[in-house]
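K.L.:
Quick one: structure below, then a few questions.
The values are calculated or read from the model by the stated rules, or taken from the named source; none is laboratory data. Values in this document were obtained by computation on a predicted structure and should not be read as measured data. FYI the Cβ positions are ideal-geometry reconstructions off the backbone, even for glycines, and counts take in every protein chain you see.
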Ligand SMILES: NC(=O)c1ccc[n+]([C@@H]2O[C@H](COP(=O)([O-])OP(=O)(O)OC[C@H]3O[C@@H](n4cnc5c(N)ncnc54)[C@H](O)[C@@H]3O)[C@@H](O)[C@H]2O)c1
(Lines give C-alpha, C1' and ligand atoms only; values in the text may rest on other atoms or scores of the structure.)
Protein backbone atom coordinates (compact mmCIF):
# COMPACT_ATOMS: atom_id res chain seq x y z
CA UNK A 1 0.00 0.00 0.00
CA UNK A 2 2.99 2.34 0.42
CA UNK A 3 4.55 4.23 3.29
CA UNK A 4 2.95 6.55 5.83
CA UNK A 5 5.16 9.60 6.23
CA UNK A 6 4.90 10.77 9.84
CA UNK A 7 6.05 14.07 11.38
CA UNK A 8 6.31 14.45 15.17
CA UNK A 9 5.71 17.54 17.29
CA UNK A 10 7.53 16.57 20.51
CA UNK A 11 10.01 13.69 20.61
CA UNK A 12 9.31 12.67 24.21
CA UNK A 13 8.45 9.29 25.72
CA UNK A 14 5.34 8.60 23.63
CA UNK A 15 7.25 9.31 20.40
CA UNK A 16 10.13 7.09 21.56
CA UNK A 17 7.75 4.17 22.23
CA UNK A 18 6.05 4.72 18.87
CA UNK A 19 9.31 4.71 16.91
CA UNK A 20 10.58 1.67 18.79
CA UNK A 21 7.29 -0.14 18.18
CA UNK A 22 7.37 0.42 14.44
CA UNK A 23 10.82 -1.19 14.36
CA UNK A 24 9.96 -3.93 16.87
CA UNK A 25 6.93 -5.06 14.85
CA UNK A 26 8.65 -4.66 11.44
CA UNK A 27 8.16 -8.33 10.56
CA UNK A 28 4.56 -8.61 11.78
CA UNK A 29 2.54 -10.66 9.31
CA UNK A 30 -1.21 -10.62 8.80
CA UNK A 31 -1.54 -14.39 9.10
CA UNK A 32 0.15 -14.44 12.53
CA UNK A 33 -1.19 -13.63 15.97
CA UNK A 34 1.05 -10.78 17.13
CA UNK A 35 0.83 -10.10 20.89
CA UNK A 36 0.56 -6.39 21.69
CA UNK A 37 -1.06 -5.18 18.47
CA UNK A 38 -4.75 -4.39 18.09
CA UNK A 39 -4.53 -4.64 14.28
CA UNK A 40 -1.63 -6.23 12.43
CA UNK A 41 -3.10 -5.50 9.01
CA UNK A 42 -5.08 -2.24 9.08
CA UNK A 43 -6.69 -1.84 5.66
CA UNK A 44 -3.55 -3.13 3.96
CA UNK A 45 -1.17 -1.03 6.07
CA UNK A 46 1.25 -2.60 8.58
CA UNK A 47 3.14 -0.99 11.50
CA UNK A 48 6.36 -1.09 9.43
CA UNK A 49 4.76 1.29 6.90
CA UNK A 50 5.16 4.24 9.27
CA UNK A 51 8.23 6.25 8.31
CA UNK A 52 9.43 9.14 10.46
CA UNK A 53 10.26 12.05 8.17
CA UNK A 54 10.35 15.09 10.50
CA UNK A 55 10.51 15.88 14.21
CA UNK A 56 10.22 19.21 16.04
CA UNK A 57 11.60 19.69 19.55
CA UNK A 58 12.69 22.33 22.05
CA UNK A 59 15.32 20.18 23.84
CA UNK A 60 18.75 21.50 22.82
CA UNK A 61 20.27 18.03 23.33
CA UNK A 62 17.87 16.47 20.82
CA UNK A 63 17.95 19.20 18.15
CA UNK A 64 20.38 18.50 15.30
CA UNK A 65 20.60 14.78 16.08
CA UNK A 66 19.12 11.91 14.09
CA UNK A 67 15.62 11.02 15.34
CA UNK A 68 16.84 7.52 16.20
CA UNK A 69 19.53 8.99 18.49
CA UNK A 70 17.55 11.87 19.96
CA UNK A 71 14.77 9.54 21.11
CA UNK A 72 17.11 8.13 23.83
CA UNK A 73 18.17 11.54 25.15
CA UNK A 74 17.16 12.63 28.69
CA UNK A 75 14.68 13.41 30.12
CA UNK A 76 13.16 10.60 27.97
CA UNK A 77 12.78 7.49 30.09
CA UNK A 78 10.50 5.25 28.01
CA UNK A 79 11.29 1.55 28.34
CA UNK A 80 13.93 0.41 25.85
CA UNK A 81 12.49 -2.60 24.03
CA UNK A 82 13.99 -1.99 20.57
CA UNK A 83 17.53 -0.70 21.18
CA UNK A 84 18.56 -1.33 17.57
CA UNK A 85 16.29 1.24 15.87
CA UNK A 86 18.32 2.21 12.77
CA UNK A 87 19.21 5.81 11.93
CA UNK A 88 16.48 7.60 10.02
CA UNK A 89 18.69 10.15 8.23
CA UNK A 90 16.34 12.83 9.60
CA UNK A 91 17.62 15.46 12.05
CA UNK A 92 15.43 16.83 14.83
CA UNK A 93 14.54 20.50 14.17
CA UNK A 94 13.90 23.34 16.63
CA UNK A 95 10.17 24.03 16.87
CA UNK A 96 8.70 27.31 18.17
CA UNK A 97 8.57 27.08 21.99
CA UNK A 98 5.38 29.08 22.66
CA UNK A 99 3.59 27.64 25.73
CA UNK A 100 4.98 24.13 25.20
CA UNK A 101 7.39 24.74 28.06
CA UNK A 102 5.92 25.86 31.38
CA UNK A 103 8.26 28.03 33.50
CA UNK A 104 8.92 25.14 35.92
CA UNK A 105 9.86 22.83 32.99
CA UNK A 106 12.52 24.98 31.28
CA UNK A 107 15.45 23.08 32.81
CA UNK A 108 13.82 19.65 32.81
CA UNK A 109 13.20 19.89 29.05
CA UNK A 110 16.75 21.31 28.44
CA UNK A 111 14.98 24.08 26.52
CA UNK A 112 17.03 25.82 23.85
CA UNK A 113 18.02 29.47 24.24
CA UNK A 114 15.98 31.58 21.83
CA UNK A 115 18.83 34.08 21.49
CA UNK A 116 21.02 31.30 20.07
CA UNK A 117 18.66 29.06 18.10
CA UNK A 118 15.99 30.15 15.63
CA UNK A 119 12.93 27.92 15.30
CA UNK A 120 12.21 26.55 11.84
CA UNK A 121 9.15 27.34 9.74
CA UNK A 122 7.11 24.24 10.62
CA UNK A 123 4.81 24.39 7.56
CA UNK A 124 7.74 24.70 5.17
CA UNK A 125 9.56 21.77 6.81
CA UNK A 126 6.43 19.59 6.69
CA UNK A 127 6.17 20.31 2.96
CA UNK A 128 9.89 19.62 2.38
CA UNK A 129 9.62 16.33 4.26
CA UNK A 130 6.56 15.35 2.19
CA UNK A 131 4.82 14.32 5.41
CA UNK A 132 1.39 12.69 5.19
CA UNK A 133 0.46 13.57 8.75
CA UNK A 134 1.65 15.29 11.92
CA UNK A 135 1.26 13.84 15.43
CA UNK A 136 0.97 16.40 18.20
CA UNK A 137 2.73 15.10 21.34
CA UNK A 138 3.15 18.44 23.14
CA UNK A 139 2.95 18.65 26.94
CA UNK A 140 -0.43 19.14 28.63
CA UNK A 141 -1.37 22.82 28.77
CA UNK A 142 0.19 23.74 25.39
CA UNK A 143 -2.88 25.62 24.22
CA UNK A 144 -1.14 27.85 21.71
CA UNK A 145 1.52 25.30 20.72
CA UNK A 146 -1.05 22.62 19.85
CA UNK A 147 -3.00 25.06 17.68
CA UNK A 148 0.14 26.31 15.96
CA UNK A 149 1.06 22.72 14.96
CA UNK A 150 -2.56 22.04 13.83
CA UNK A 151 -2.42 25.18 11.68
CA UNK A 152 0.94 24.13 10.22
CA UNK A 153 -0.56 20.76 9.24
CA UNK A 154 -3.46 22.59 7.57
CA UNK A 155 -1.14 24.98 5.74
CA UNK A 156 1.06 22.09 4.59
CA UNK A 157 -2.04 20.18 3.40
CA UNK A 158 -1.54 17.07 5.57
CA UNK A 159 -3.46 15.02 8.17
CA UNK A 160 -3.32 15.70 11.92
CA UNK A 161 -3.43 13.53 15.05
CA UNK A 162 -3.89 15.23 18.40
CA UNK A 163 -2.54 12.93 21.11
CA UNK A 164 -2.87 15.47 23.94
CA UNK A 165 -5.81 17.13 25.67
CA UNK A 166 -6.48 20.32 23.72
CA UNK A 167 -9.94 20.15 22.14
CA UNK A 168 -9.01 20.74 18.51
CA UNK A 169 -10.65 17.77 16.77
CA UNK A 170 -13.50 16.95 19.17
CA UNK A 171 -14.96 20.46 19.50
CA UNK A 172 -17.64 20.91 16.81
CA UNK A 173 -16.95 24.67 16.91
CA UNK A 174 -13.20 24.28 16.47
CA UNK A 175 -12.08 26.52 13.60
CA UNK A 176 -9.21 24.12 12.89
CA UNK A 177 -11.47 21.08 12.52
CA UNK A 178 -13.79 23.06 10.24
CA UNK A 179 -10.79 23.95 8.10
CA UNK A 180 -9.60 20.30 7.99
CA UNK A 181 -13.09 19.39 6.75
CA UNK A 182 -13.16 22.20 4.17
CA UNK A 183 -9.74 21.25 2.84
CA UNK A 184 -10.52 17.53 2.70
CA UNK A 185 -7.77 16.69 5.22
CA UNK A 186 -8.43 14.09 7.95
CA UNK A 187 -7.83 14.63 11.67
CA UNK A 188 -8.25 12.44 14.76
CA UNK A 189 -8.32 13.30 18.49
CA UNK A 190 -8.26 14.40 21.23
CA UNK A 191 -6.05 12.97 24.00
CA UNK A 192 -5.02 9.41 23.22
CA UNK A 193 -6.72 6.61 25.19
CA UNK A 194 -4.15 4.00 26.12
CA UNK A 195 -4.38 0.35 25.10
CA UNK A 196 -5.20 -0.76 28.65
CA UNK A 197 -5.02 2.33 30.82
CA UNK A 198 -6.94 3.97 33.61
CA UNK A 199 -9.51 5.51 31.30
CA UNK A 200 -10.67 2.47 29.38
CA UNK A 201 -10.67 0.34 32.52
CA UNK A 202 -12.69 2.88 34.49
CA UNK A 203 -15.10 3.28 31.55
CA UNK A 204 -15.70 -0.43 31.13
CA UNK A 205 -16.20 -0.92 34.89
CA UNK A 206 -18.66 1.96 35.03
CA UNK A 207 -20.63 0.43 32.14
CA UNK A 208 -20.55 -2.96 33.87
CA UNK A 209 -21.90 -1.53 37.13
CA UNK A 210 -24.63 0.22 35.16
CA UNK A 211 -25.61 -2.90 33.22
CA UNK A 212 -25.76 -4.96 36.41
CA UNK A 213 -28.22 -2.51 37.97
CA UNK A 214 -25.78 -0.85 40.38
CA UNK A 215 -25.76 2.87 40.99
CA UNK A 216 -22.28 4.30 41.44
CA UNK A 217 -22.44 6.63 44.43
CA UNK A 218 -18.88 7.88 44.21
CA UNK A 219 -15.67 7.08 42.40
CA UNK A 220 -12.14 8.32 42.17
CA UNK A 221 -9.20 7.66 39.87
CA UNK A 222 -5.84 8.84 41.17
CA UNK A 223 -2.79 8.65 38.91
CA UNK A 224 0.87 9.03 39.81
CA UNK A 225 3.97 8.90 37.62
CA UNK A 226 7.57 10.02 37.47
CA UNK A 227 8.19 11.29 33.92
CA UNK A 228 8.06 14.80 32.46
CA UNK A 229 4.37 14.35 31.60
CA UNK A 230 3.66 14.15 35.35
CA UNK A 231 6.28 16.76 36.28
CA UNK A 232 4.63 19.17 33.85
CA UNK A 233 1.17 18.43 35.28
CA UNK A 234 2.12 19.59 38.79
CA UNK A 235 0.82 23.03 37.90
CA UNK A 236 -2.96 23.01 38.21
CA UNK A 237 -3.37 25.86 35.71
CA UNK A 238 -2.09 23.57 32.91
CA UNK A 239 -4.42 20.75 33.87
CA UNK A 240 -7.88 22.06 33.09
CA UNK A 241 -8.38 20.25 29.77
CA UNK A 242 -6.74 17.03 31.06
CA UNK A 243 -9.19 16.86 33.97
CA UNK A 244 -12.16 17.52 31.66
CA UNK A 245 -10.94 14.89 29.20
CA UNK A 246 -10.33 12.15 31.78
CA UNK A 247 -13.48 12.90 33.81
CA UNK A 248 -15.88 13.15 30.86
CA UNK A 249 -14.57 9.82 29.52
CA UNK A 250 -15.98 8.15 32.66
CA UNK A 251 -19.06 10.26 33.47
CA UNK A 252 -20.32 9.83 29.88
CA UNK A 253 -20.82 6.10 30.57
CA UNK A 254 -23.96 6.65 32.68
CA UNK A 255 -27.01 8.85 32.27
CA UNK A 256 -27.03 10.16 35.86
CA UNK A 257 -24.72 12.60 37.58
CA UNK A 258 -21.68 10.72 38.79
CA UNK A 259 -19.65 12.27 41.64
CA UNK A 260 -15.97 11.82 40.75
CA UNK A 261 -12.46 12.91 41.48
CA UNK A 262 -10.38 11.96 38.45
CA UNK A 263 -7.03 13.18 37.24
CA UNK A 264 -3.26 13.24 37.51
CA UNK A 265 -2.53 13.28 41.23
CA UNK A 266 1.17 13.47 41.94
CA UNK A 267 4.68 13.43 40.50
CA UNK A 268 6.85 10.67 42.00
CA UNK A 269 10.22 10.89 40.18
CA UNK A 270 11.51 7.39 40.93
CA UNK A 271 8.58 5.85 39.04
CA UNK A 272 9.93 7.35 35.79
CA UNK A 273 7.65 6.15 32.92
CA UNK A 274 5.77 3.77 35.21
CA UNK A 275 2.28 5.13 35.82
CA UNK A 276 0.32 3.81 38.77
CA UNK A 277 -3.42 4.28 38.94
CA UNK A 278 -5.81 3.70 41.85
CA UNK A 279 -9.51 3.40 41.12
CA UNK A 280 -12.16 3.13 43.80
CA UNK A 281 -15.86 2.73 43.05
CA UNK A 282 -18.59 2.76 45.69
CA UNK A 283 -21.96 1.56 44.51
CA UNK A 284 -25.43 0.76 45.77
CA UNK A 285 -26.61 -2.75 44.95
CA UNK A 286 -29.67 -4.93 45.61
CA UNK A 287 -31.35 -4.13 48.92
CA UNK A 288 -29.43 -0.84 49.18
CA UNK A 289 -26.28 -2.73 50.14
CA UNK A 290 -22.90 -1.12 49.51
CA UNK A 291 -20.30 -2.57 47.16
CA UNK A 292 -16.76 -1.19 47.17
CA UNK A 293 -14.23 -1.91 44.44
CA UNK A 294 -10.53 -1.11 44.91
CA UNK A 295 -8.22 -1.47 41.93
CA UNK A 296 -4.55 -0.75 41.30
CA UNK A 297 -3.12 -0.67 37.76
CA UNK A 298 0.58 -0.32 36.97
CA UNK A 299 1.72 0.33 33.38
CA UNK A 300 4.49 1.84 31.32
CA UNK A 301 2.70 4.94 30.10
CA UNK A 302 4.43 5.51 26.76
CA UNK A 303 4.21 1.97 25.37
CA UNK A 304 0.59 1.84 26.48
CA UNK A 305 -0.28 4.59 23.99
CA UNK A 306 2.10 3.79 21.12
CA UNK A 307 0.20 0.84 19.61
CA UNK A 308 -2.99 2.89 19.64
CA UNK A 309 -1.31 5.65 17.66
CA UNK A 310 0.01 3.11 15.12
CA UNK A 311 -3.66 2.29 14.41
CA UNK A 312 -4.67 5.96 14.31
CA UNK A 313 -1.89 6.85 11.85
CA UNK A 314 -3.07 4.06 9.55
CA UNK A 315 -6.70 5.28 9.80
CA UNK A 316 -5.64 8.82 8.90
CA UNK A 317 -3.63 7.51 5.94
CA UNK A 318 -6.63 5.49 4.69
CA UNK A 319 -8.76 8.65 4.95
CA UNK A 320 -6.14 10.56 2.95
CA UNK A 321 -6.16 7.80 0.31
CA UNK A 322 -9.97 7.98 0.16
CA UNK A 323 -10.11 11.80 0.13
CA UNK A 324 -12.02 12.01 3.44
CA UNK A 325 -11.50 15.23 5.43
CA UNK A 326 -12.37 16.48 8.92
CA UNK A 327 -12.87 14.60 12.18
CA UNK A 328 -12.66 10.81 11.78
CA UNK A 329 -15.38 9.65 14.18
CA UNK A 330 -14.79 5.90 14.38
CA UNK A 331 -11.06 5.94 15.14
CA UNK A 332 -11.46 9.03 17.38
CA UNK A 333 -14.18 7.38 19.52
CA UNK A 334 -12.11 4.21 19.79
CA UNK A 335 -8.69 5.70 20.40
CA UNK A 336 -9.11 8.99 22.27
CA UNK A 337 -10.34 9.99 25.72
CA UNK A 338 -12.12 13.08 24.43
CA UNK A 339 -13.61 12.28 21.03
CA UNK A 340 -16.54 14.19 19.57
CA UNK A 341 -18.74 11.12 20.09
CA UNK A 342 -18.34 9.08 23.29
CA UNK A 343 -19.57 5.58 22.47
CA UNK A 344 -19.25 2.15 24.00
CA UNK A 345 -15.66 0.94 23.50
CA UNK A 346 -16.70 -2.44 22.04
CA UNK A 347 -19.01 -0.66 19.57
CA UNK A 348 -16.07 1.67 18.83
CA UNK A 349 -13.94 -1.27 17.77
CA UNK A 350 -16.70 -2.49 15.44
CA UNK A 351 -16.97 0.93 13.84
CA UNK A 352 -13.22 1.07 13.24
CA UNK A 353 -13.39 -2.29 11.47
CA UNK A 354 -16.36 -1.04 9.40
CA UNK A 355 -14.32 2.06 8.49
CA UNK A 356 -11.42 -0.12 7.39
CA UNK A 357 -13.77 -2.19 5.20
CA UNK A 358 -15.18 1.00 3.66
CA UNK A 359 -18.64 0.39 5.17
CA UNK A 360 -18.44 3.58 7.20
CA UNK A 361 -17.23 6.90 5.74
CA UNK A 362 -15.59 8.25 8.84
N1 LIG B 1 -0.16 7.01 27.61
C2 LIG B 1 0.40 8.21 27.46
O3 LIG B 1 1.58 8.35 27.59
C4 LIG B 1 -0.48 9.38 27.10
C5 LIG B 1 -1.86 9.22 27.10
C6 LIG B 1 -2.66 10.32 26.79
C7 LIG B 1 -2.09 11.53 26.47
N8 LIG B 1 -0.73 11.66 26.48
C9 LIG B 1 -0.19 13.00 26.19
O10 LIG B 1 0.75 12.95 25.12
C11 LIG B 1 1.67 14.05 25.29
C12 LIG B 1 3.09 13.51 25.17
O13 LIG B 1 3.38 12.67 26.28
P14 LIG B 1 4.88 12.23 26.58
O15 LIG B 1 4.80 11.23 27.66
O16 LIG B 1 5.60 11.91 25.32
O17 LIG B 1 5.45 13.59 27.18
P18 LIG B 1 6.99 14.05 27.24
O19 LIG B 1 7.09 15.10 28.28
O20 LIG B 1 7.87 12.85 27.34
O21 LIG B 1 7.21 14.70 25.78
C22 LIG B 1 6.82 15.99 25.40
C23 LIG B 1 7.91 16.54 24.50
O24 LIG B 1 7.49 17.76 23.90
C25 LIG B 1 8.64 18.60 23.78
N26 LIG B 1 8.16 19.97 23.57
C27 LIG B 1 7.75 20.89 24.48
N28 LIG B 1 7.35 22.02 23.84
C29 LIG B 1 7.52 21.81 22.52
C30 LIG B 1 7.29 22.62 21.36
N31 LIG B 1 6.78 23.86 21.46
N32 LIG B 1 7.59 22.09 20.12
C33 LIG B 1 8.12 20.80 20.03
N34 LIG B 1 8.35 20.01 21.10
C35 LIG B 1 8.05 20.51 22.33
C36 LIG B 1 9.40 18.34 25.07
O37 LIG B 1 10.76 18.71 24.96
C38 LIG B 1 9.22 16.82 25.24
O39 LIG B 1 10.27 16.11 24.63
C40 LIG B 1 1.37 14.67 26.66
O41 LIG B 1 0.54 15.78 26.51
C42 LIG B 1 0.60 13.55 27.36
O43 LIG B 1 -0.26 14.00 28.39
C44 LIG B 1 0.07 10.62 26.78
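K.L.:
In region 35-54, how many residues are away from the ligand (no atom under 13 Å from the Cβ), touching a helix residue (DSSP H, G or I) at 6+ places or on another chain (Cβ under 7 Å) and either closer than 26 Å to residue 275 by Cβ or not in a loop (DSSP other than H, G, I, E, B) (or both)?
P.N.:
10
K.L.:
What is the one condition in (1) buried (at least 16 other Cβ atoms within 10 Å of the Cβ); (2) part of a helix (DSSP H, G or I) that residue 169 does not satisfy?
P.N.:
The number of the failed condition is (2).
K.L.:
Which residue out of 69, 57, 32 is out of contact with any strand residue (DSSP E or B) (no Cβ under 6 Å at 6 or more places or on another chain), farther than 16 Å from residue 310 by Cα and either more than 16 Å from the ligand (Cβ to nearest atom) or not assigned by TED's automatic domain parsing to the domain that holds residue 128 (or both)?
P.N.:
32
K.L.:
So which residues in region 165-184 are in contact with a strand residue (DSSP E or B) (Cβ under 6 Å, 6 or more places away or on another chain) and either away from the ligand (no atom under 13 Å from the Cβ) or within 24 Å of residue 222 (Cβ to Cβ) (or both), if there are any at all?
P.N.:
Answer for region 165-184, where residues must be in contact with a strand residue (DSSP E or B) (Cβ under 6 Å, 6 or more places away or on another chain) and either away from the ligand (no atom under 13 Å from the Cβ) or within 24 Å of residue 222 (Cβ to Cβ) (or both): 169, 177, 180, 181.
K.L.:
In the set 81, 109, which member is touching a residue at least 60 places away in the same chain (Cβ under 8 Å), within 9 Å of the ligand (Cβ to nearest atom) and assigned by TED's automatic domain parsing to the domain that holds residue 316?
P.N.:
Only one candidate passes the filter, namely 109.
K.L.:
Still on this structure, I have one more. Which residues, counting only those in region 146-165, are closer than 20 Å to residue 233 by Cβ and part of a loop (DSSP other than H, G, I, E, B)?
P.N.:
Of everything in region 146-165, those that are closer than 20 Å to residue 233 by Cβ and part of a loop (DSSP other than H, G, I, E, B) turn out to be 163, 164, 165.
K.L.:
Scanning for something more than 16 Å from the ligand (Cβ to nearest atom) and in contact with a helix residue (DSSP H, G or I) (Cβ under 6 Å, 6 or more places away or on another chain), does region 283-290 turn up at least one residue?
P.N.:
Within region 283-290, one or more residues are more than 16 Å from the ligand (Cβ to nearest atom) and in contact with a helix residue (DSSP H, G or I) (Cβ under 6 Å, 6 or more places away or on another chain).
K.L.:
Moving on to the next point. Among (1) assigned to a helix (DSSP H, G or I); (2) more than 19 Å from the chain's Cα centre (by Cα), there is one condition residue 318 misses while meeting the rest; what is its number?
P.N.:
Of (1) assigned to a helix (DSSP H, G or I); (2) more than 19 Å from the chain's Cα centre (by Cα), only one is false for residue 318: (2).
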